[in-house]
């Protein structure tokens, strides 16, 4: 606490007995800064449309949003339907992409197929304007 020194120790005035207000002013200044910083905070909100019934939304969530192209040994499959030959694959892919234009394409290949088969399919996809496709790979387990 800061005290005023007078020449005479016995001549104490009312001013010498007043409390030191410096700590209180420090606390008030800190509170003022705190309130100024928190008052200027901008909160963002997001409008949500809640479903009218749970059953309708569950069906939409479970619906697949992709086309699965499997490169099997000696054949192909589009969404689980087996296809023989590369020409049949071209027709099935054109049909699937026309029916589901907003779905993404996932390519899954058997690890025993030749890399040429995968490259042939990827080249065909690129020629059809499909620039991005997800390729499924299985992580090898180190023994």
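Odds and ends about this structure:
Residue by residue, here is whether (1) more than 16 Å from residue 124 (Cα to Cα); (2) at pLDDT below 80; (3) not in a loop (DSSP other than H, G, I, E, B) holds:
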| position | (1), (2), (3) |
| --- | --- |
| 34 | yes, no, yes |
| 41 | yes, yes, no |
| 49 | yes, yes, no |
| 55 | yes, yes, yes |
| 58 | yes, yes, yes |
| 61 | yes, yes, yes |
| 68 | no, no, yes |
| 82 | yes, no, yes |
| 106 | no, no, yes |
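- Selection count where residues are farther than 14 Å from residue 76 by Cβ, surrounded by 10 or more Cβ atoms within 10 Å (Cβ to Cβ) and either touching a helix residue (DSSP H, G or I) at 6+ places or on another chain (Cβ under 8 Å) or at pLDDT below 80 (or both), scope region 115-132: 2
- None of 6, 13 is loosely packed, with under 11 Cβ neighbours inside 10 Å and either at pLDDT below 80 or under 27 Å from residue 131 (Cβ atoms) (or both) except 13.
- The set of residues in region 87-103 being outside any helix (DSSP H, G or I) and exposed (fewer than 11 other Cβ atoms within 10 Å of the Cβ) consists of 101, 102.
- Unmet criterion (only one of (1) modelled with pLDDT under 75; (2) over 30 Å from residue 108 (Cβ atoms); (3) surrounded by fewer than 10 Cβ atoms within 10 Å (Cβ to Cβ)) for residue 19: (1)
The values are calculated or read from the model by the stated rules, or taken from the named source; none is laboratory data. This is a predicted model, so every value here is computed, not measured. Ideal geometry is used to build each Cβ from the backbone, glycine not excepted, and the neighbour counts take in all protein chains shown.
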